[in-house]
1. Please work out which one of (1) free of Cβ contacts under 8 Å to residues at least 24 places away in the same chain; (2) farther than 24 Å from Gln229 by Cβ; (3) not acidic (Asp, Glu) is the condition Arg182 fails and give its number.
2. Just name the residue that is nearest to the chain's Cα centre (by Cα) out of those in region 238-261 that are buried (at least 16 other Cβ atoms within 10 Å of the Cβ) and more than 21 Å from Ser171 (Cα to Cα).
3. Considering only region 197-206, state which residues are surrounded by 15 or more Cβ atoms within 10 Å (Cβ to Cβ) and either among the polar types (S, T, N, Q) or under 12 Å from Arg266 (Cβ atoms) (or both).
4. Just to be sure before I move on: is Val194 farther than 18 Å from Gly155 by Cβ, crowded, with 17+ Cβ neighbours inside 10 Å and under 20 Å from the mean Cα position of the chain (by Cα) in the structure I sent?
5. Name the residues in region 95-139 that are part of a helix (DSSP H, G or I) and polar (S, T, N, Q), would you?
6. Kindly provide the set of residues from region 152-168 that are crowded, with 16+ Cβ neighbours inside 10 Å and modelled with pLDDT under 90, ordered by number.
Amino acid sequence: MSTDENTPPEPDRPAAPAPTPSAEPGRPVEPAAAAPASAEQTGRQRLAAGLWPPRVSRAQLIVALLLFVLGLGLAIQVRHNSDSSALRGARQEDLVRILDELDGRTKRLEDEKQKLVDQRKELESSSNQADEARKQTVEKERQLGILAGTVAAQGPGITLKVTDAKGQVQSDKLLDTIQELRAAGAEAIQINGVRVVAGSYFSDEGGGVAIDGKKITQPYEFQVIGKPQDLEPALNIPGGVIQTLEKEQATATVVRSTKIVVDALRAAKQPDYARSSSS
C-alpha cells in the first residue's frame, strides 16, 4: 500500500476573507451600498397604492354631495341670522326698553278696541240714538281732520332735530323715521312747517329733501304729538333711527314736551269720483 493512502486527509480550512480595499491617502472611503427597502416602507407603499387614485362608488358620491349642500345651507343660515339680528349684543336695559315699547303698543291697540266697543254700546243703549250718532260723527270728523292734516292739533309729544352738516341724510332715512314714529303711536307730525299725513311722499332734491313736492333743508325739525314715553324710546332702540342717522354722520337730539303744536294745514281735497254710499 502506498504512503499516500495511509496519510489522513487534512481538515478543511476556512476561506480567507476578501481583502478590503484600503483607503488611499487623501481620498474618503465610499459608503457601503444601501440596504434593501424594509418591510415597513413596502407596507406604506402598498397602502398608498391602495388609497390613490380613490375608488368612489356612485352612492358614496351622492351622499358626499348631499352632505356638502346641507353644510353649506346651514352655514348660510347661521350667517344670515347673525347678520340680520339688530338686537345682537344689545344691553339688558335696551332689551327691557324694547319690551316696554311693545307692551305700550299692545295697550294702545287694546284701548282703541275698548273705545270702539263702548261707542257701540252707547249707540245701542241710548234713548236718542240719532243724537248719539251725530255726536260720535262730529268727534270722528275731528279725529279724521287731525289725521288728514286739515285741522291744527296740540298735545304732549317730542321734538326731534336732525342736523346733517355733510348732507348724507336722504329722503329714505326721513321716511324711516316717520314710520318708526307712527309705529310708536304718533298722532300728528310736521317737519319744517310741512304737515305729514298718510299720503305724504318723500323725494331727494338738490341740497335737501322734498315732502309732497315742497323742499326742506337741514336741520330737519320734527314736531310730533303722541306719548313721549313711547316716542323717545322707539327712536333710541339699538339699530333704530338714532343709530342709523349717526352712521350717516348726522346729529339727532330728542326733547320731550308737555305741549307740542302742529299747526301746518293741508287743504281738504274733495274726491272727483267717490261718493258716499249711505242714503
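1. Of (1) free of Cβ contacts under 8 Å to residues at least 24 places away in the same chain; (2) farther than 24 Å from Gln229 by Cβ; (3) not acidic (Asp, Glu), only one is false for Arg182: (2).
2. Checked region 238-261; the qualifying residue nearest to the chain's Cα centre (by Cα) is Pro238.
3. Val197, Ser200
4. It is false that Val194 is farther than 18 Å from Gly155 by Cβ, crowded, with 17+ Cβ neighbours inside 10 Å and under 20 Å from the mean Cα position of the chain (by Cα).
5. Matches in region 95-139: Thr106, Gln114, Gln119, Ser125, Gln129, Gln136, Thr137.
6. Selection gives Asp164 alone.
The values are calculated or read from the model by the stated rules, or taken from the named source; none is laboratory data. Computed from a predicted structure; not experimentally measured. FYI the Cβ positions are ideal-geometry reconstructions off the backbone, even for glycines, and counts take in every protein chain you see.
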